[in-house]
Each structure stands twice: as structure tokens, then as C-alpha cells.
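Since the structure comes first, as C-alpha cells, the remarks are kept for the end.
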Amino acid sequence: MSLDWIEIPGGTCLFGDQARPVTVPTLLWTRTPITQEQLGDNPHQQRPVTDIDQATAAHIASQLGGRLPRSVEWEWMASGAKRRVWPWGDAPWGPEMANLQDSGHGDTTDVTAHPDGATPDGLLDVAGNVWEWTASSTMGDGFVIRGGSYASPPLYAQCTFLNSAPAELRSPGIGFRVVREP
């Protein structure tokens with residue numbers, strides 16, 4: 001099992017729609033959401049791991065030598081210092097960029113299927129395919145999820161859009177990505 005890590009330098013994230021300044025540390029990120037192949041579940045399956053609740057995602061992230069990102073860290077990774085609208089930049093979404101509701105897939109796809117939607121740093125599937133669990137809790141025993149899924153309209157994949165899900169939810173549209181200190 002091999003994880004491909006990409007270093008994202010820290011900085012000040014102008015977080016959310018109110019652009020609240022929050023300092024984010026330099027972190028190593030998995031290039032893609034965690035896949036079934038990376039967990040050894042299916043040696044040739046590059047689709048994201050799904051149907052796991054937030055605690056299980058956090059546990060697996062720890063076993064892989066990292067943790068789940070905080071929501072602000074995720075937004076910084078996705079939008080960068082220039083506050084990109086989308087992970088790839090400011091160009092509008094098209095089906096070649098990310099697996100979203102109108103892309104015609106109707107299910108998860110291989111995490112490398114949309115290279116045109118990569119961040120400038122080379123992270124894949126930041127927008128679409130699966131929502132990503134974060135470590136940021138919400139009221140009512142929930143956690144923030146980011147990025148949108150194959151069933152989401154494009155708006156949900158914008159870098160500042162956040163959603164939440166009950167901590168115990170196991171969904172075919174929610175996966176996770178791992179971060180760690182360099």
C-alpha cells in the first residue's frame with residue numbers, strides 16, 4: 001500500500017464566504033481520496049473508499065500515518081492563496097473537470113479520471129466524485145464535508161462551499177483524504 005503525498009505550503013486562508021483570515025500550516029496531502037486499492041481491499045480498484053462513517057475515516061487516516069483535515073485546511077488546499085473558485089482555477093465547471101451530477105456517470109469513477117480538474121499542485125478529485133470527511137465538527141453531532149460528489153450540482157464543488165453530514169452516516173457519496181505534518 002503506497003500513498004502519494006503532495007506538500008501544500010501553509011499560509012493565511014481567507015476562509016469561507018466572509019473571507020475570515022485563518023492561519024493554515026504546511027501539510028502533506030494524499031494526491032487523491034483514499035481508494036480501495038490503497039487499503040488493500042481490491043488491488044485494481046482506483047475508486048474512492050465510501051460507505052464509512054466519520055469515525056472510521058478518522059481511524060483509517062490515523063492508521064495511514066495522518067489524520068482528516070480541518071475544513072479550513074481543506075479549503076486552503078482547494079482554493080490556494082489566490083482563492084480559486086474551483087480547485088482547478090476560475091474557469092467554469094465542465095464534465096472533463098470533475099464527476100458531478102451532470103457529468104453523466106451517476107456513480108463514483110476512478111480517482112484519476114479527471115486530470116483536467118487537478119489543482120495547480122496536482123491533487124486530483126478535490127471537486128466531485130465523493131464528498132470528503134473533515135475533522136471539523138458541527139452542531140448536532142455532525143461533521144463538515146467538502147468537495148461535492150457525483151450526485152452534486154456543480155455549485156457544491158466550489159472551494160468555499162461546505163456541507164455537513166451526521167457523524168454516523170455511511171454514504172456511497174462520501175469518502176476521505178488524509179493529511180499529515182511534513
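Going by the structure shown, is I52 assigned to a loop (DSSP other than H, G, I, E, B) and under 13 Å from G175 (Cα atoms)? Full working, then the answer.
On the way: assigned to a loop (DSSP other than H, G, I, E, B): yes; under 13 Å from G175 (Cα atoms): yes.
Yes: the conditions hold for I52.
If the requirement is being acidic (D, E) and over 22 Å from L162 (Cα atoms), which of these qualifies: D53, D110, D102? Give the steps one after another, and end with the answer.
Details: D53 fails: over 22 Å from L162 (Cα atoms); D102 fails: over 22 Å from L162 (Cα atoms).
Selected residue: D110, the only one of D53, D110, D102 that is acidic (D, E) and over 22 Å from L162 (Cα atoms).
If a residue has to be open to solvent by 50 Å² or more (accessible area, probe 1.4 Å), of a type in the set (D, E) and either touching a residue at least 60 places away in the same chain (Cβ under 8 Å) or in contact with a Lys or Arg (Cβ under 8 Å, 6 or more places away or on another chain) (or both) to count, how many in region 108-126 make the cut?
2
Name the one entry in I145, I174 that is surrounded by 21 or more Cβ atoms within 10 Å (Cβ to Cβ), β-branched (V, I, T) and either free of Cβ contacts under 8 Å to residues at least 12 places away in the same chain or under 13 Å from P48 (Cα atoms) (or both). I'd like the intermediate steps shown before the answer.
Details: I145 fails: either free of Cβ contacts under 8 Å to residues at least 12 places away in the same chain or under 13 Å from P48 (Cα atoms) (or both).
Step by step, each of I145, I174 is checked, and only I174 is surrounded by 21 or more Cβ atoms within 10 Å (Cβ to Cβ), β-branched (V, I, T) and either free of Cβ contacts under 8 Å to residues at least 12 places away in the same chain or under 13 Å from P48 (Cα atoms) (or both).
Is it true that W74 is surrounded by 14 or more Cβ atoms within 10 Å (Cβ to Cβ) and either within 15 Å of the chain's Cα centre (by Cα) or hydroxyl-bearing (S, T, Y) (or both)? Break it down into steps so the answer makes sense when it comes.
On the way: surrounded by 14 or more Cβ atoms within 10 Å (Cβ to Cβ): yes; either within 15 Å of the chain's Cα centre (by Cα) or hydroxyl-bearing (S, T, Y) (or both): yes.
Answer is yes for this residue.
Condition first: under 15 Å from the mean Cα position of the chain (by Cα) and either outside any loop (DSSP other than H, G, I, E, B) or farther than 18 Å from R84 by Cα (or both). Now tell me which residues in region 156-170 satisfy that. Break it down into steps so the answer makes sense when it comes.
Residues of region 156-170 that are under 15 Å from the mean Cα position of the chain (by Cα), as a first pass: 156-165.
Listed by number, the residues that qualify are Y156, A157, L162, N163, S164, A165.
The values are calculated or read from the model by the stated rules, or taken from the named source; none is laboratory data. Nothing here was measured: the structure is a model prediction, and the numbers come from that model. Ideal geometry is used to build each Cβ from the backbone, glycine not excepted, and the neighbour counts take in all protein chains shown. Side chains are part of the model used for accessible areas, which takes the heavy atoms of the whole protein and leaves out ligands, DNA and RNA. Shrake-Rupley method; radii C 1.70, N 1.55, O 1.52, S 1.80 Å.
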